[in-house]
Each structure stands twice: as C-alpha cells, then as structure tokens.
Amino acid sequence: MKKINYEKYHWRKIKSTTMTALSIMSVVIAVIPLFLIFFYTLAQGISALNLDFFIHMPKPVGETGGGMANALMGTAILIGLGCLFGLPVSIFAGIYLAEHGNNTFGQIVRFFTDVLSGIPSIVVGVVAYILVVVPMKQYSALAGGVALGILMIPTATRTTEEMIRLVPHSLREAALAIGLPQWKTTLRIILPTALKGITTGVLLAIARAAGETAPLLFTALGNRFWSTDLGHPMASLTVFIYDYAKAPFEDWNRQAWGAAFVLIVLIFIVNMTFRFVTRGRYGDHQN
Amino acid sequence: MFFAIIVFGLVFLMAYEMIRGSELSLQKFGWKFLSGTVWDPVADVYGALPYIYGTLTSSFLAMVLAFPLSIGIAIFLSELAPPWIERPVSFMVELLAAIPSIVYGLWGIFVLVPWLRTSVEPFLIKHLGSLPFFKGAPYGFGMLAAGIILAIMILPIISSISRDVLRAIPNSQREAALAIGATRWESTKIILAGGKSGLLGAALLGLGRAVGETMAVTMVIGNRAEISASLLDPGHSMASVIANEFAEATTALYSSSLIEIALILFAVTIILNVIARLIVWSITKKFKTT
C-alpha cells in the first residue's frame, strides 16, 4: 500500500488556508475606504448642513455662512435637461434592443453602448463644448444638459433593455395571441409591466449624472448667482464642491462637505431603491 | 431602430467633432505633439508628453494596487462566500463605484493627502528613499495620492467583472478538481487559469476607467507638468489638464491642443474598451454555450 505523504498534504492545506485568508483580507481592504469615505462625508457633512444651506445664496468671498440654493436648483435643471436629451433615445433604443435586438445589428449597438459607457466624462464635456458652446459663443446650461444627456445614455439604455427582458415571455405571447399588433403589445403590455424597473434604472442614470463634474466645468461652467436662464452659465452642486474644496477658506471647505453629503445620500437612496425593486419583483429570474 | 442608430452614431459623431476641433494643433505639431515636453500657452507651444506620462504612471500605479485586490475579492465572491454574505459584499463593492468622483477628490484632499504627507511619505522616504521612486519631499499631493485614489475607484469594476468571469466557468471544473483531491486553493487556481483572458479583459476595463478619470485625479495629483521618476512628486494627467485649462484656453491653438488631448484620451479608452469587451464577451459566451 502506498503511504500518504501527510507532510505534503499539510503544506498544501496551509497554502489553501493562507490564500483564503488573503482573499478575505482583500475584501476587508476594499471595504475600508468605503466606510472611511462614508464616515467622513457623514461626520463633516452633517455639521455643515442647516436650513441656510438649502435656501440661501452663496455669500461673497470672505463672508461666512450662506448656502447653495442656486447650485441645488442648477443641478436639478441640468439633470432635467439631461433627461430631456438622453432619455428618449435611451428608452427607445432599449426597447428596440430588447424586442428586436437579437441580431447582428443589435449586438453591435449593444457593444457600442458598452463602449460609450467607457468614454471618459471629460471627453464628453469637450464634445458638448464643441457642439453647443462654440456655436452659441457662450457657456450655457444647455451645453451642460447635452453633456449629461450623452452620459446617461449607456446606463439608461442597458437597464431599460434588461428590465424589458425580465417581463415574462408568456405575457408577450398572450398579447400577440389575442391579435394585438407588435407595437401595441410593446406600448400597452410590456412597457407598463416593466415601468417600475425602467423608472429605477432611469433614476440610477440620473444619480450618476448628478455626480458628474468634469463635463460641466466648461459647459455649464458655474455661477454664483441665481439663474434659470438656459442660455447662460449655471451653478451645480458638483462644480461647487470642486471650487469650494480648492478654496483656502474653512467655511467653504465645510460647505463642500455638506454638498458632498447631499450627493452621497441621494445616490445611496437611489441605489438601494434599485436593488430593492429589481430584487423584490424579479428576484427569481435573476442569476 | 432609429434611436438605436443614434446610440451607435454618437461614438462616430464624437470622434468626428474632436478631429475637426483639433485640426489646428494636428497640423501644426503633428506627431511631435506626443513627444513634446514643453507646454507653454504664452509662447503658444504645446507638447503633451508630461501629461501622457502622468496618466500612464498614475494608471499603472492604480493597476498594480487594485488588480491583486480585485482578484482576491472576485475569488471571495465567486468561490468562497455563501450567498448571504456574498450579496451584501457585492453591494458594498458596487456602492464604491457609485460614489461620485468629486467626492473621492474631496476625501482625497482632506483625508488621504494629509495622511500621506504626515505618515506614509516620510516613512517611505526614510526607509526606501534610496530608490528613485521615493525621492523628494513629502508633499502629499502627487502621483502616489492619484494612484491610490484611482486604485480605490477602479476596484469595483475590475472585481465585479472578474467575479462574473469566474462565475461563468462551469461548476463541473470545480467538482472535477475537488474530486481528485485538490485543496480549495488548487481548485481556485484551475478556475483562474480557465478565466485568464477574462481577467485580462477586466483589468483592461479598469485601466480604461483609470486613464479617463478626471476630477479625483485633478484634485490630488498636484497639477505640475513635470516628468519625475519619484512617485512623491506632483504631476499632471491628460484628463486633469483639460479640466484645469480648457475654460481658460485663450488662443485657438491652445484650445485645439487641449481638444487633441481629449481626442487621444478618447482613442485610448475606445481601444481599451473594445479589446476588453470583446475578451469578456467571448469568454462568458464560450462557457454559456458549453
């Protein structure tokens, strides 16, 4: 009978355990910055938040206090514009991909959507600058909206597609079987069923756009005053964070943390909602 | 159909507009643009090498830091963790991807950079100061800070795609390995070997993200257009020079040069993404059909 080499086995066992430990450690190392960032934003942000922050305008340089009412408004408007430019394209493209996209062309479009999501946002900003700012000869909210719209397209298109694909096939077949034309099936049966998922997917795209800074730097630029004029520069939360973080004033730094806190909370809520909706409803279909 | 074409056409429109926008600098500098080290708006001379160097160094540093960690996370998620622990961990890693880059930058300026300046960099200088990478003064702002921030930011994408790649490998492989008496690590090694090209794809996607990352890098890299071997020295990157100077570019040649940098970034990220996506697609498809 052959003898089992226990020493060697022992060594292999140790190696395996070590690697398992290393793997767990890398998870811990990755999660640490997450908690650190959340912790700091929470700790610094909460102390910066008060009613003034939401309803007041920025104070002139050197004075403490003031708020970011115009930036909150600006971000809301810019996102609205982004939705206006980006969502129709993404939703229709998503419907197309889900319903008719099982061919080479669909694959190519899907591929390009993925590639589009990898393009740096600053490059998108440059393109929006060339397309909108140069002809208008002025920085404008409109240009910022175009940039955000382009950035929303990949996320919104792919989630729309995925959500429509989650609609059970039997539903589609039932509708077609009773004689509904394809377009009506899509519009009246599929879309309403997938609406909840699509909405949260769109929210996810919005949350991402709300956190974008780079494409706004030279499109919407930023503005210290109240402005709702789409043809002029407009303030946004993220550009405010950027300016205030670089500034040598402690009070401004404090407000930057406050704005970051607002952003993080917004994004956290949207992500949780997305998780909840996709799992709660279609959990069994996933994986 | 029409809208699908728009998505498709957008990529080409972007390329076309940027080529048109950078015509001036393309004609004036040609290939020298890539190797020129002088960036002088006053004399209207532009060479992008310091920025290209900065982008390459910071991204490379980020890859070195993030890749092993990501593989560790992917192994944990796909091979080790039971579902009840895998789900929340996955969610947390994905949350890391959802944090806006400006918040990373803010955190970088006020937490990471002071920490590097007061504890990490003096330590590195003291013990590894003889190496060219760790020479100089502890500024805090610099390549090292940019590399670390980037590493945190690309962790989620590399690890979640690696996880998907490893998961796509059929269970029979694991069972076969375990059945002939392999330990868990030995079986994992076989899985890793099977998913090798997919992991490469994941790394390339992460690299693409690191190359184009703007705000967080701009806020911590120090913004000085110098080529220095030391990771402690301030540097600059392609994305951050655009962010810093584009709104103030006064001459036509100046903004044209910046657009050319954007064009290079665009081209590099497109190429990285196309290669990476093709690899990842082919591997997940291969295992899906078998």
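Taken together, the values in this text are just the output of simple stated rules run on the coordinates, not laboratory data. These numbers were taken from a predicted model, which means no experiment stands behind them. Neighbour counts run over all protein chains shown; Cβ positions are idealised from the backbone, glycine included.
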What percent do you get for the relative contact order of chain A when only Cα pairs under 8 Å and 6+ apart count? 25
Karplus-derived 3J(HN,Hα) from phi for segment B:264-272 (6.51 cos²θ - 1.76 cosθ + 1.60, θ = phi - 60°), whole Hz, x at Gly and Pro, runs 4, 4, 4, 4, 4, 5, 4, 4, 4
Please state the charge dipole magnitude for chain B, taken about the Cα centre, from unit charges on C-beta atoms (+1 on K and R, -1 on D and E), reported in debye and rounded to the nearest 20. 940
Report, please, the projected area of chain A averaged over directions, based on the convex hull of its C-alpha atoms, in nm². 24.4
Phi to ³J(HN,Hα) by Karplus 6.51 cos²θ - 1.76 cosθ + 1.60 over segment B:5-16, Hz, x for Gly, Pro: 5, 4, 4, 5, x, 4, 4, 6, 4, 4, 4, 4
Local electrostatic count at residue A:86 - Lys and Arg +1, Asp and Glu -1, tallied over other residues with Cβ under 14 Å: +1
Once you list every other residue whose beta carbon is under 10 Å from the beta carbon of residue A:148, what net charge do they have if Lys and Arg are +1 and Asp and Glu are -1? 0
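Nearest 0.05, what FRET efficiency do residue A:232 and residue A:21 give at R0 = 60 Å with Cβ-Cβ as r? Working shown, then result.
On the way: r = 58 Å, r/R0 = 0.96.
With a Förster radius of 60 Å, E is 0.55.
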Quickly work out the residue B:80-to-residue A:57 label distance, labels modelled 7 Å from Cα along the C-beta direction, and quote it in nm with one decimal. 5.6
Of the candidates B:96, B:118, B:85, the farthest towards the positive dipole end of segment B:74-138 (Lys/Arg Cβ +1, Asp/Glu Cβ -1, centred on the Cα centre) is B:118
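With only Lys, Arg, Asp and Glu charged, each at its Cβ (+1 for the first two, -1 for the last two), find how big the charge dipole of the protein assembly as shown is about the Cα centre; round to the nearest 20 debye. Each step should come with its number before you reach the end.
Values: 41 positive and 31 negative charges, 450 e Å.
Charge dipole of the protein assembly as shown: 2160 debye, to the nearest 20.
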Count the net charge of all other residues whose Cβ sits under 13 Å from the Cβ of residue A:19, scoring Lys and Arg as +1 and Asp and Glu as -1. +3
Euclidean distance of C-alpha centroids, segment B:241-263 and segment B:169-225, integer Å: 35
What distance in nm separates the two pseudo spin-label positions at residue B:175 and residue A:111, each 7 Å out from Cα along the beta-carbon direction? 3.5
Projecting each Cα onto the charge dipole of chain B (Lys/Arg +1, Asp/Glu -1 at the beta carbon, about the Cα centre), which of B:216, B:251, B:152 comes out farthest on the positive side? B:152
Treating only the Cβ of Lys, Arg, Asp and Glu as charged (+1, +1, -1, -1), what charge dipole size does segment A:174-268 show about its Cα centre? Round to the nearest 20 debye. 480
5 Å is the cut-off here: which amide hydrogens, built 1.01 Å from N in the peptide plane, fall below it relative to residue B:45, excluding neighbours closer than 5 in sequence? B:40
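Assuming R0 = 41 Å, what is the FRET efficiency of residue B:193 and residue B:35, from their Cβ-Cβ distance, to the nearest 0.05?
Numbers: r = 40 Å, r/R0 = 0.97.
My answer for the efficiency is 0.55.
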For residue A:171 and residue A:11, extending 7 Å from Cα along the Cα-Cβ vector and measuring point to point gives, in nm, a value of 6.0
With the 8 Å Cα cutoff and a minimum separation of six or more residues, segment B:15-289 has a relative contact order in percent of 30
Can you find, among B:26, B:180, B:50, the residue sitting farthest towards the positive end of the charge dipole of chain B, where Lys and Arg contribute +1 and Asp and Glu -1 at Cβ? B:180
